[in-house]
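Have a look at the structure below before the remarks.
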Amino acid sequence: MTSGHDQKTGTLKKGLAQSPAKPIHYQTITFDKCYTIPGHLLKNLKYQYLRREIWVPLEKREGRITVVIDDPSNIPKQDMIENLLKTKSVDYCIASRSDILKFIDHFYGIEEPADTAHVNRSFDLSADAEGTKEESAAVSESDSNIVNLVNDLINEAFVRRASDIHIEPDTKDAVVNVRFRIDGECIPYRMLPYEYRMAIVSRIKIMSNLDITERRLPQDGKIKYKRPGAEEIELRVATIPTHGYVEDVCLRILTRGKIMTLEELQMEPDTYQRFKALLQKPYGLILIVGPTGSGKTTTAHAALHILNKPNMKIWTAEDPVEITQKGIRQVQMHHKIGLDFSSAMRAFLRADPDVIMVGEMRDYETAKMGVEASTTGHLVLSTLHTNNAPETIIRLLDMGIDPFAFADSLLCVLAQRLVRCLCNHCKETYHPQREEFDELIHHYGEKYFSGINDTYNDRFTLCRARGCPECNGTGYRGMMGLYELLLATDNIKQMIISKKSIAAIRKTAITEGMRTLLQCGILKVLNGETDFIEVLSVCIR
């Protein structure tokens, strides 16, 4: 009995003797602003409490929460953390005390440590409801904190390559959530104090010349913002009244001045060559189609960049004018005064154009004038909101466009989508199972996959997302296009005149060499540029 007791004691002592070596297995990290703010993990944690206890949750991935702590050997502290987070699935990382405090300040939107007492009071997310009205009245849109806060949001969004800033007051949790849309995904960025909600909205309305007294109706405007020591950027503003007598704000950062060339769009080589050849035609109709935010305007301006020469007269009708090019005459639509796409087209035809670009063929009148202009010696580019290239033809015929004139004028339809790229800093190569390879063949089409020189063997690899600070832990960084080019061949023109179905047009186009959006995406997967999950998220099977 004594020996058994001694044996247990010896084992315990051995375990205790080994415990100091345990921190070797913990990952050490340093403060980095690139980490995504884990708003869902901070929801029930108070700012002052985290600063006092020196720990903060960093992220949640695959059901496990990563926590930054200064002393992982403190077992009671770990028990307390796991009780607060209501899970035992916690991984701990080590960071210095100063870095943990920086993480906490960054996550709660505090970037100015100079006036700590004032900042801590302003950003205390646990403020009770009784003081909310008084604090809200005390915060003005002209307050320097609000002015600096809005400027910081815009600057940070631009640096992080965000396309949109979403400001969303939450009446239930009494916070203002700020999210950035980066590479097509909304990512939590900050939680601001609820008492700032009206002042932030009013400040943005003042910057965009909107009515700050109108809180019941949606409003639209623009902001021209000069970044410190950098170029001027333009933001499109939309305010929307939401439940709880608050207003949401969405700011879209426009890509003014940035012109991508056709080569930079990363089209497949055969698609690129065919599309570029069509741009050399003296007249005809080129349609660029896809949903909102799929890069249609960028592609249209890349095409105009090729056509933009001193001997060419180019007119564009856009709503809004997002990208400007020297040498191109661009017209901003003003629907309130009657300047729409159809009226702009009439004016263009009297102004001796060579090339016309119409922002969107959204009605019969605009579509009719576009077809007529393309049959009278003008090259016309336009966009539509349709899902794929064959559907575009049926959509225009359903509008009432004359099929004979349409078939005569059409050169091509280019459908496109944007898909997220795998982060080059952290993507990992792996050997997939045979079933995964067979699924790629199935979706591409066994009949057409035989033309691709990829076979399944021990050396066959694909790439998948992993996550690192460079990509905010998402595993993706940047976006690229998927393209589906339907050429108006003689067979396609005859099918337009005969008003054949979408399925019939699609089958003929594929037979004549059209690569579908899904097939284009699978080629990107095989090249290790993205993964199949991303492709399926934007393409119809």
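The values are calculated or read from the model by the stated rules, or taken from the named source; none is laboratory data. Note that the structure is a prediction, hence the values are computed from the model and not measured. Heads up, the Cβs are rebuilt from the backbone with ideal geometry, glycines too, and the neighbour counts pull from every protein chain shown. Heads up: the accessible areas ignore ligands, DNA and RNA and are worked out on the full protein's heavy atoms, side chains in. Shrake-Rupley method; radii C 1.70, N 1.55, O 1.52, S 1.80 Å.
Somewhere in the stretch 480-490, is a residue among the acidic types (Asp, Glu) and open to solvent by less than 30 Å² (accessible area, probe 1.4 Å)?
Yes, the stretch 480-490 contains a residue that is among the acidic types (Asp, Glu) and open to solvent by less than 30 Å² (accessible area, probe 1.4 Å).
Mind listing just one residue for me: the one in the stretch 200-215 that is aliphatic (A, V, I, L, M) and farther than 15 Å from residue 248 by Cβ and, of those, most open to solvent (accessible area, probe 1.4 Å)?
206
Considering (1) at pLDDT 95 or above; (2) in a strand (DSSP E or B), say which one residue 477 fails and leave the rest.
Every listed condition holds for residue 477 apart from (1).
I'm checking my understanding of the structure. Among residues of the stretch 455-468 that are touching a residue at least 40 places away in the same chain (Cβ under 8 Å) and open to solvent by 50 Å² or more (accessible area, probe 1.4 Å), which one is nearest to residue 532 (Cα to Cα)?
Checking each candidate, the answer is 464.
Kindly indicate whether residue 314 is farther than 20 Å from residue 413 by Cα, within 29 Å of the chain's Cα centre (by Cα) and among the β-branched types (Val, Ile, Thr).
Taking the combined requirement at face value, the residue does not satisfy it.
For a quick check of your reading: which strands (runs of 3 or more DSSP E) sit entirely within the stretch 289-383 and have at least 2 residues that are open to solvent by less than 20 Å² (accessible area, probe 1.4 Å)?
So the answer is 314-318, 355-358.
I'm checking my understanding of the structure. Among residues of the stretch 260-275 that are open to solvent by 60 Å² or more (accessible area, probe 1.4 Å) and modelled with pLDDT under 95, which one is nearest to residue 328 (Cα to Cα)?
Within the stretch 260-275, the match that is nearest to residue 328 (Cα to Cα) is 260.
Would it be correct to say that residue 238 is without any contact (Cβ under 8 Å) to a residue 40 or more places away in the chain, within 21 Å of residue 155 (Cβ to Cβ), assigned to a loop (DSSP other than H, G, I, E, B) and open to solvent by less than 70 Å² (accessible area, probe 1.4 Å)?
So residue 238 fails the test.
Give the stretch 512-531 a look and list any residue that's open to solvent by 20 Å² or more (accessible area, probe 1.4 Å), assigned to a helix (DSSP H, G or I) and in contact with a strand residue (DSSP E or B) (Cβ under 8 Å, 6 or more places away or on another chain), or say none.
Answer for the stretch 512-531, where residues must be open to solvent by 20 Å² or more (accessible area, probe 1.4 Å), assigned to a helix (DSSP H, G or I) and in contact with a strand residue (DSSP E or B) (Cβ under 8 Å, 6 or more places away or on another chain): just 526.
Here are some conditions: (1) surrounded by 18 or more Cβ atoms within 10 Å (Cβ to Cβ); (2) more than 26 Å from residue 481 (Cβ to Cβ); (3) of a type outside the set (Val, Ile, Thr). Residue 405 meets all but one. Which one does it not meet?
Failed condition: (1).
Can you name the condition, by its number, that residue 503 falls short on among (1) open to solvent by 30 Å² or more (accessible area, probe 1.4 Å); (2) of a type in the set (A, V, I, L, M, F, W, C); (3) part of a strand (DSSP E or B)?
(3)
Exactly one of these conditions fails for residue 264: (1) of a type in the set (Asp, Glu); (2) over 22 Å from the mean Cα position of the chain (by Cα); (3) in a helix (DSSP H, G or I). Give me its number.
(2)
Residues to consider are 218, 188, 228; find the one that is open to solvent by 50 Å² or more (accessible area, probe 1.4 Å), modelled with pLDDT under 90 and in contact with a strand residue (DSSP E or B) (Cβ under 6 Å, 6 or more places away or on another chain).
Only one candidate passes the filter, namely 188.
Output the residues belonging to the stretch 28-58 that are open to solvent by 40 Å² or more (accessible area, probe 1.4 Å), at pLDDT 85 or above and more than 30 Å from residue 172 (Cα to Cα).
Selection gives 28, 30, 31.
Being of a type in the set (Gly, Ala, Ser) and at negative phi is the filter here; which residues of the stretch 272-331 pass it?
Answer for the stretch 272-331, where residues must be of a type in the set (Gly, Ala, Ser) and at negative phi: 277, 294, 300, 302, 303, 317.
Anything in the stretch 409-448 that is closer than 28 Å to residue 287 by Cβ and surrounded by fewer than 16 Cβ atoms within 10 Å (Cβ to Cβ)? List them, or say none.
Listed by number, the residues that qualify are 445, 447, 448.
Quick check on the stretch 396-412. Is at least one of its residues within 21 Å of residue 272 (Cβ to Cβ) and at pLDDT below 95?
Checked against the condition, which is being within 21 Å of residue 272 (Cβ to Cβ) and at pLDDT below 95, the stretch 396-412 yields no hits at all.
Does residue 68 meet the test of being crowded, with 18+ Cβ neighbours inside 10 Å, over 23 Å from residue 175 (Cα atoms) and not hydroxyl-bearing (Ser, Thr, Tyr)?
Against the criterion (crowded, with 18+ Cβ neighbours inside 10 Å, over 23 Å from residue 175 (Cα atoms) and not hydroxyl-bearing (Ser, Thr, Tyr)), residue 68 qualifies.
So the check is Cβ under 7 Å with 6+ separation or different chains; which pairs have a first residue in the stretch 436-448 that's among the β-branched types (Val, Ile, Thr) and a second one that's surrounded by 14 or more Cβ atoms within 10 Å (Cβ to Cβ)?
441/449
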